[in-house]
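Just so it is clear, none of the values below were taken in a lab; they were calculated from the coordinates. Keep in mind that this is a model prediction, so the values were computed, not measured. Ideal geometry is used to build each Cβ from the backbone, glycine not excepted, and the neighbour counts take in all protein chains shown.
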Amino acid sequence: MAEYYDPETYPKQWNYLQTGTVVDDYIIERELAHGGFSSVYLARNRETQVQVALKEYLPRKLAHRTWNNDIVANSEESKKLIAHGRALFVDEAKILAKIKHPNIVEVVNFFQANSTVYLVMVYGYGITLDKLLKDRKIKITDKWLLRIFGDLLGGLDLVHKQNILHLDIKPANLLIRPGSDVMLLDFGAIQVYPQAKVKNAAYILTKGFSPIEQYQATGILGPYTDIYAVGASMRACLDFNVPMQAPDREKGEQYPLAQEVYAGKINHRLLEIIDWAMEIKPTDRPQSVQELGGALAGVKNSM
């Protein structure tokens, strides 16, 4: 089936909503972030003038934006996939609307417009951790790591208690707010656990932060999956770089332990915990947020 549009002549500016565009009760101010399935904008409520983060569902490999901002399928074959993804997007909104925690991004509303779906989230002022690390604008200390990731685990514990896995924890999804306060963003990869049966499908993953089971079509996911990503995010803070990806580590490529590289610079027990969270085999890692959080609390109490 032929595509409905010619990608070679498609105006690139149509990929994103432009400043001043009105969507339902909101006016777009600027784009904040984008990925393969969605974009996030800073917007303002037309009535209250309150700023919000507006997340738009737009799978760019399957659909495109027309001149009047409608989202349409690239082909007949794409329509079912888009409908399925849109349903998952709504599921994300419903789940997040029930989770209220100071370290979890808060969804306050969702609605349909432009033939797609939008999530309205409380706008968090701050800078994502990946940008702070890239620009080396932050001094990494034992206390800072314990504060940021201890708070993160408090929010993640609530997520797991809903039988939900985040599956995309990484510095780009950790917003550092004034006062070294952290907010976990982007729940677009969430999955329910435990699954009734193992799905024969690949999971969304991020190289360096996703554990080996997310690379496997029949990998069994659990809280330990998010725990690996937490450990890898902590290691990224030490290295100021993305950790080696799990498949390469599994093959035996050289990747020294944190407790070897940073001995004498960071609390030794804290380094051991980071290495523990990043174990290749899921059964070798902490099995719950409580287990990891308890270990971190032990370090904090001993300092």
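Worth a mention:
- Principal-axis analysis of the Cα atoms of the chain puts helix 142-161 at an angle of about 60° to the longest axis.
- Global geometry of the range 12-122, whether rounded, prolate or oblate, following the gyration tensor of its Cα atoms and the 1.5 cut on a/c: oblate
- Assuming charge only on the beta carbon of Lys and Arg (+1) and of Asp and Glu (-1), the dipole of the chain about its Cα centre is about 440 debye to the nearest 20.
- Subset of LYS100/LYS131; LYS170/LYS251; LYS61/LYS207; LYS94/LYS207; LYS55/LYS281; LYS61/LYS281 violating a 30 Å alpha-carbon distance limit: LYS55/LYS281; LYS61/LYS281
- Summarised in one figure, the compactness ratio Rg/Rh of the chain, Cα atoms and Kirkwood Rh, is 0.99.
- Proximal aspartates and glutamates relative to LYS98, as straight alpha-carbon distance under 18 Å, when same-chain residues fewer than 8 apart are discounted: GLU106, ASP157, ASP186
- Sorting GLU47, GLU291 by the number of Cβ atoms found within 10 Å of their own Cβ, with the fewest placed first, yields GLU47, GLU291.
- Spread of Cα-to-Cα distances over 10 Å intervals beginning at zero, given as percent, for the range 141-224: 16, 46, 28, 9, 1
- Among the trypsin sites (Lys or Arg not before Pro) within the range 229-273, those in coil by DSSP and having at most 15 neighbouring Cβ atoms inside 10 Å are LYS251, LYS265.
- Summary of the geometry: the range 88-149 and the range 67-81, compared by the centres of their Cα atoms, lie 28 Å apart.
- When both the range 209-230 and the range 280-303 are represented by their alpha-carbon centers, they are found 17 Å apart.
- Annotation: the residues VAL242, VAL159, sorted from fewest to most other C-beta atoms within 10 Å of their own C-beta, follow the order VAL242, VAL159.
- Per-residue Cβ neighbour rank within 10 angstrom, fewest leading, THR116, THR66: THR66, THR116
- In the chain, helices alone account for a calculated mean residue ellipticity at 222 nm of -10000 deg cm²/dmol, with every DSSP H run of four or more residues adding -39,500 (n - 2.57).
- Straight Cα distances below 13 angstrom link LYS139 to the aspartates and glutamates ASP239, with same-chain residues fewer than 8 positions distant left out.
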